[in-house]
Each structure stands twice: as structure tokens, then as C-alpha cells.
């Protein structure tokens with residue numbers, strides 16, 4: 001938004017801004033924030049920064065946790081969810097002391113390094129991506145985990161289970177698994193979605209379209225236009241911020257959990273991608289499905305490293321309740337045109353040379369977008385540098401539903417990890433492609449694995465599941 005401090009200062013005075021807010025990404029991918037009165041705004045803030053406790057963000061140990069963040073004024077926006085006039089901006093993380101400078105483990109810095117790596121290798125100038133945001137809007141959510149009581153209660157006014165509600169029931173309930181592009185009056189969140197889209201566009205995030213998704217109990221999708229990777233990671237954080245806060249403003253709640261409802265459709269975050277060099281799309285060519293050889297090598301790299309990639313693209317235990325064989329969420333490590341059962345899908349509807357691309361379908365929005373997008377880029381770079389041909393590696397193309405193949409053929413196709421701990425083990429054994437040109441470092445990868453195991457897996461493994469009582473109580 002601003003290129004220098006004078007522009008920023010002038011805007012703040014003109015718009016009568018009262019609070020300056022700074023948003024900093026945590027290791028798992030949440031925005032934390034800190035705010036100052038406008039009187040504290042000064043130019044030194046953009047060189048000296050503000051100190052904070054890095055251990056609380058997941059980046060360091062308590063005894064070595066002093067860090068600082070420096071705001072990036074280019075990312076500034078007026079926060080529409082603050083009653084007091086507030087200008088917010090994303091900040092970068094820095095180390096202090098002997099090794100003062102950009103923190104190698106800052107996810108935003110990792111994304112920047114990945115883009116520099118792409119350019120330094122002479123492969124392309126830009127990694128261009130476009131995520132699809134799938135999420136649920138609920139009217140109620142409550143949960144509790146105690147020794148004697150585990151409960152989750154969810155409600156959605158439009159869900160088929162409310163067909164017999166006695167009050168304020170007008171009969172328009174979305175049939176189970178029939179919500180795709182459902183129209184009014186079934187699509188009760190249409191206006192809410194439109195408000196989300198208008199807010200995003202006001203913030204400079206171009207939206208392609210929005211619609212109801214398959215899930216009957218309020219599953220929705222907003223898809224944005226393609227953009228450069230780091231800017232799109234910023235936009236991903238912004239989209240989640242807007243969607244969640246706009247839902248609350250309308251008396252509802254939004255979740256990006258991949259599988260919040262048993263038996264209902266899961267929510268992914270498919271990532272479309274292409275490379276540009278000198279303004280041209282280098283993924284367009286005369287090979288399979290109008291792709292170039294570079295595009296096929298890029299696909300080969302992603303598929304070869306896909307098991308390890310899931311530690312970043314699907315980093316929650318809930319992710320693997322969506323990635324189940326036999327459903328639309330892909331688990332088969334292969335590629336194809338227009339085939340939603342494959343890990344890599346080339347959209348058949350994209351005819352324009354400048355937009356010819358493919359999408360990675362397993363990922364979901366529990367990912368830290370800076371890490372997930374960077375990991376995908378590094379896997380693709382590895383594919384190009386090592387000329388990993390996906391067909392020679394046995395990844396297809398499979399232009400059929402892989403679940404319709406004879407069992408003998410289907411068994412030849414490798415499957416993605418079935419759990420987060422399995423994905424983390426794959427990352428332990430396959431991470432070197434991430435460390436090219438110092439983009440990810442081993443310390444960061446080890447910290448990520450340890451954080452996920454200690455802070456998430458070990459909190460879930462000991463907790464009984466209600467289904468276990470049904471299966472085992474009487475044994």
C-alpha cells in the first residue's frame with residue numbers, strides 16, 4: 001500500500017487513524033497481533049522493529065526467545081473489523097544479538113527465499129498460484145474434552161438434519177451431499193459470501209467467483225485469481241481473516257477444518273500453479289495435455305516428494321480424515337487431465353496458453369500458506385533440475401477414475417500418507433529438496449516435526465474417541 005514512510009504518515013493523518021496494528025505469522029499458521037496508539041508511530045519502527053517472545057510463536061526455546069518484528073508497510077490495510085480506526089500491516093521476523101537479521105525460520109522469509117531460488121537458477125521469474133478456499137459456515141459450534149466427557153456439537157440451519165425443526169422452518173434444506181452450486185433460497189449464505197468477496201476486493205485481492213460447495217451443512221467456496229506466490233500467501237492469510245471475521249459479524253462461525261463433519265464432504269485448498277519467464281507461461285507447450293516438458297518435470301518433482309510435502313500442505317491430524325480412499329479428495333500419487341481422483345489434475349477447461357496450468361489437490365487450509373506454497377515450489381524446482389519425468393516414474397497419466405481400475409492396476413499406484421505422523425516420518429527421510437539454496441534449513445524442519453509431534457499429535461493420541469466406545473466397550 002505504501003512505498004515510504006511519508007506516504008504512510010500522510011495517509012494516517014488524512015484518514016484519522018487511531019491505532020496501528022501489526023500481524024505476525026506463528027509457526028502453525030495463525031496471525032498474532034500487537035497494536036500501538038498512532039502517537040507511537042515513527043520511522044524508526046521500520047528499521048528497529050518491536051521485540052517479542054519467539055517461543056510463544058513456536059520458533060524458539062524459552063531461554064533463546066528474544067526476537068523482533070519489523071512491519072512491511074507495503075502490506076498495510078484498514079482493518080474493517082476494528083471499531084476504532086485501525087491501520088494494520090504484516091510484519092517480518094528478525095533475530096537479535098550476535099546473528100541479527102532476517103530470521104531463517106520466518107515462514108514469510110522462507111517464501112521469499114524460495115522465489116529468489118527460482119530466479120537464481122534461471123528457471124523462471126515468477127511462481128504463480130491460485131488457491132481455492134473451501135470452508136464451512138455453521139450457526140453453532142461447541143466442544144469440550146474432559147476425562148469424563150468428550151463432546152462436539154455443530155448446527156447448521158440449512159442442513160438436512162434440520163428438516164423436522166418446529167420453529168422458523170421454511171422447508172428449504174440442502175439435501176445431503178447435493179450442495180454443489182445450490183441456488184437460493186437453499187443457499188442461505190449467499191449474501192454473506194458476497195460480503196466476504198467485496199471485502200477481499202477492497203483489499204486488493206481479486207476474486208474469480210464464489211459458490212456453494214458439495215457439503216449440505218453450509219460448505220462454501222471462494223476462488224481467487226492467480227498471483228505471485230508470496231503475495232498470494234499474504235492473500236491467503238487475509239482471506240481466512242476476512243472469512244472468519246465476516247462470519248462472526250453476521251452471527252455465524254466459519255471453519256477451514258478439512259473434516260469438521262462425519263460423513264459430509266471435506267474442505268480442501270487446491271492450489272493451481274504455473275511458472276512465468278519474461279512474462280510468458282513456460283508451462284504451456286506441445287507435450288501431454290498442452291503442457292511443456294518443464295511443466296511435466298515440475299509435476300514429477302511434486303509427485304516424487306508428495307509424501308513428504310503433506311507434512312506442510314496437510315499439517316493437521318484432521319487433514320487425514322479428509323484424505324480417505326474412494327472419495328473425491330485425492331490420495332493416489334498420479335497425474336491426469338480433468339481427473340479429480342489424482343494428486344495432480346490438469347484442468348481441461350483452461351484453453352488459454354497464458355493460463356495453462358495444473359493443480360495440487362490434496363492440500364487444505366490448515367496449512368501455513370508460506371510453508372506449503374514454498375514446499376510445492378521447491379519440489380517442482382527439484383523436478384526440473386533433476387529432470388524427473390512423471391511418466392517414467394510411473395505416475396501416469398491416468399485419465400480414468402483410479403478407483404475404477406482393476407485391483408492389480410490400482411495397487412501399482414502409490415498412496416499418500418494416511419496420518420500426520422506418517423507424513424512427518426516421510427519428511428524426516430525426504431527433505432533435502434527443501435534445503436536447496438538455503439530456502440528451508442534442517443533446524444527449521446526438525447523444529448517443525450518436533451512442534452507437530454509434541455504440541456499436536458501427543459495431545460490427541462491419548463484422547464479416547466466416542467467411536468471407540470461403540471467398537472470396544474463390551475469386549
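Do the conditions hold for residue 137, that is, is it surrounded by fewer than 21 Cβ atoms within 10 Å (Cβ to Cβ) and modelled with pLDDT of 95 or more? Don't jump to the end; show me each part of the working.
Details: surrounded by fewer than 21 Cβ atoms within 10 Å (Cβ to Cβ): no; modelled with pLDDT of 95 or more: yes.
For residue 137, the condition - surrounded by fewer than 21 Cβ atoms within 10 Å (Cβ to Cβ) and modelled with pLDDT of 95 or more - is not met.
Residue-by-condition table, conditions (1) surrounded by 24 or more Cβ atoms within 10 Å (Cβ to Cβ); (2) under 30 Å from residue 230 (Cβ atoms); (3) in contact with a helix residue (DSSP H, G or I) (Cβ under 8 Å, 6 or more places away or on another chain):
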position: 378; (1), (2), (3): yes, yes, yes
position: 412; (1), (2), (3): no, no, no
position: 423; (1), (2), (3): yes, yes, yes
position: 426; (1), (2), (3): no, yes, yes
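Taking the conditions exactly as written (outside any strand (DSSP E or B), within 18 Å of residue 131 (Cα to Cα) and assigned by TED's automatic domain parsing to the domain that holds residue 372), does residue 344 satisfy them or not?
Numbers: outside any strand (DSSP E or B): no; within 18 Å of residue 131 (Cα to Cα): yes; assigned by TED's automatic domain parsing to the domain that holds residue 372: yes.
Criteria not met by residue 344.
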Against the condition under 19 Å from the mean Cα position of the chain (by Cα), surrounded by 14 or more Cβ atoms within 10 Å (Cβ to Cβ) and either in a loop (DSSP other than H, G, I, E, B) or modelled with pLDDT under 95 (or both), how does residue 374 come out, does it pass? no
Any strands (runs of 3 or more DSSP E) falling wholly within the stretch 123-204 and containing at least 2 residues that are in contact with a strand residue (DSSP E or B) (Cβ under 8 Å, 6 or more places away or on another chain) and within 18 Å of residue 239 (Cα to Cα): 126-138
Out of curiosity, is residue 278 surrounded by fewer than 19 Cβ atoms within 10 Å (Cβ to Cβ) and over 26 Å from residue 210 (Cβ atoms)? yes
Could you tell me whether residue 259 is over 18 Å from residue 135 (Cβ atoms), touching a helix residue (DSSP H, G or I) at 6+ places or on another chain (Cβ under 9 Å) and surrounded by 20 or more Cβ atoms within 10 Å (Cβ to Cβ)? no
Looking for something over 26 Å from residue 235 (Cβ atoms) and touching a strand residue (DSSP E or B) at 6+ places or on another chain (Cβ under 6 Å) - is there at least one such residue anywhere in the stretch 360-380? no
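Could you pull out every one of the strands (runs of 3 or more DSSP E) wholly within the stretch 42-109 that has 2 or more residues that are on the phi < 0 side of the Ramachandran plot, surrounded by 14 or more Cβ atoms within 10 Å (Cβ to Cβ) and touching a helix residue (DSSP H, G or I) at 6+ places or on another chain (Cβ under 9 Å)? Explain how you work it out, then say what you get.
Working: elements: 50-53, 66-71, 86-95.
Counting at least 2 such residues, we get 66-71, 86-95.
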Checked against (1) touching a residue at least 40 places away in the same chain (Cβ under 8 Å); (2) not assigned by TED's automatic domain parsing to the domain that holds residue 207, residue 132 satisfies every condition except (2)
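The values are calculated or read from the model by the stated rules, or taken from the named source; none is laboratory data. Note that this is a predicted model, so its numbers are computed, not measured. Every residue, glycine among them, receives a Cβ derived from its backbone with ideal geometry; neighbour counts consider all protein chains shown.
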